[in-house]
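What follows is one structure encoded as structure tokens, with my remarks underneath.
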């Protein structure tokens, strides 16, 4: 029991302290709160404990260690009736002892009218706003042996270094931040039990924890006053439960995640997947209902997510290919 306690509780406590006991600052990098990936979108953004694809670089870097094959994923979304474009591309490579990932996020708003200080005059040209973040991530995993009636647990852990680059009109800003995450997956049932209808009906539980922007991420502008925004440190914690339904050859999954960031609290979602070929999803992102679906063929997976918003409904499509 002591070995399990040291391997799980101490890393979780360290991450929680890193995310919580940090100085406050100004708002910055808010575009990073826009979720990436249609599967996560359909689950209401409750994806940190569940993520097992290339988007883990954003959601929880520990999830990169769950990949068995290299993967490339892309997402394109038009927000608020086409006023803004949100793009995401990620790639991940599992190695024998380490999994590596890289991801890029871009939020762009073009053709913003430029007005003079004189009220009532027509616009004088236009400008754009482009916000970017590059994630470079690494993760690993280790197995913890069964103990006292419990089955063997898998512990995944990872981190991301992210570079932020913003350009508003002719002004530019840069920032550097660090994220870290954990996933602890515990199959339920008797230790040593072979996969069977009797064993699979107990399912598996996965706990996830993320410390984002550890120490606060400063975003510095090249203005005359050297203005600086700060993306405050935050923590996210969640739990997912997956249950195999042998009679239907399906898997049902429920996930919940909350955050110290008020805008990201109390997200939850459910997913029903048939033989890993098709899936239906529903969730709530703390503000509204989300729906989604996905299909897989060979090594290609295509996902769709929908969310209703007062500024315009959002449709999100993602594609991922495993090499």
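Sort through 107, 100, 64 and tell me the only one that's under 12 Å from the mean Cα position of the chain (by Cα) and either crowded, with 20+ Cβ neighbours inside 10 Å or assigned to a strand (DSSP E or B) (or both).
None of the others qualify; the one that does is 64.
Just the residues that are closer than 13 Å to residue 36 by Cβ and out of contact with any helix residue (DSSP H, G or I) (no Cβ under 9 Å at 6 or more places or on another chain), please, taken from the stretch 84-104.
Within the stretch 84-104, 87, 89, 104 meet the criteria.
Any residue in the stretch 74-92 that is on the phi > 0 side of the Ramachandran plot and in contact (Cβ under 8 Å) with a residue 24 or more places away in the chain sitting within a Cβ distance under 9 Å of a residue that is assigned to a strand (DSSP E or B) and buried (at least 17 other Cβ atoms within 10 Å of the Cβ)? List the pairs, counting only those 6 or more apart or interchain.
80/314
Take the residues of the stretch 81-97 that are over 20 Å from residue 161 (Cα atoms) and surrounded by 13 or more Cβ atoms within 10 Å (Cβ to Cβ): which is farthest from the chain's Cα centre (by Cα)? Steps first, please.
Let us first name the residues in the stretch 81-97 that are over 20 Å from residue 161 (Cα atoms), namely 81-86, 96.
Restricting the remaining residues to those that are surrounded by 13 or more Cβ atoms within 10 Å (Cβ to Cβ) gives 83-86.
On the way: 83: 24, 84: 20, 85: 19, 86: 15 Å.
It comes out as 83.
What is the residue count in the stretch 124-143 for residues that are in contact with a helix residue (DSSP H, G or I) (Cβ under 6 Å, 6 or more places away or on another chain), closer than 26 Å to residue 96 by Cβ and buried (at least 17 other Cβ atoms within 10 Å of the Cβ)?
The number of residues fulfilling the criteria is 4.
Filter the stretch 80-97 for residues that are in a strand (DSSP E or B) and under 26 Å from residue 127 (Cα atoms); which is modelled with the lowest pLDDT?
Only one residue fits best here, namely 84.
Condition test on residue 73, is it within 15 Å of residue 179 (Cβ to Cβ) and modelled with pLDDT of 95 or more?
Answer is no for this residue.
With respect to residue 127, determine if the residue is without any contact (Cβ under 8 Å) to a residue 40 or more places away in the chain and over 19 Å from the mean Cα position of the chain (by Cα).
For residue 127, the condition - without any contact (Cβ under 8 Å) to a residue 40 or more places away in the chain and over 19 Å from the mean Cα position of the chain (by Cα) - is not met.
What's the total number of residues in the stretch 182-201 that are outside any strand (DSSP E or B) and modelled with pLDDT of 80 or more?
The qualifying residues number 1.
Restricting the search to the stretch 255-275, which residues are more than 19 Å from the chain's Cα centre (by Cα) and assigned to a strand (DSSP E or B)?
If the condition is that a residue be more than 19 Å from the chain's Cα centre (by Cα) and assigned to a strand (DSSP E or B), then 272, 273, 274 are the ones that fit.
The values are calculated or read from the model by the stated rules, or taken from the named source; none is laboratory data. All of these numbers come straight from a predicted model, not from anything done at the bench. Cβ coordinates were reconstructed from backbone atoms using ideal geometry, including for glycine residues, and neighbour counts include every protein chain displayed.
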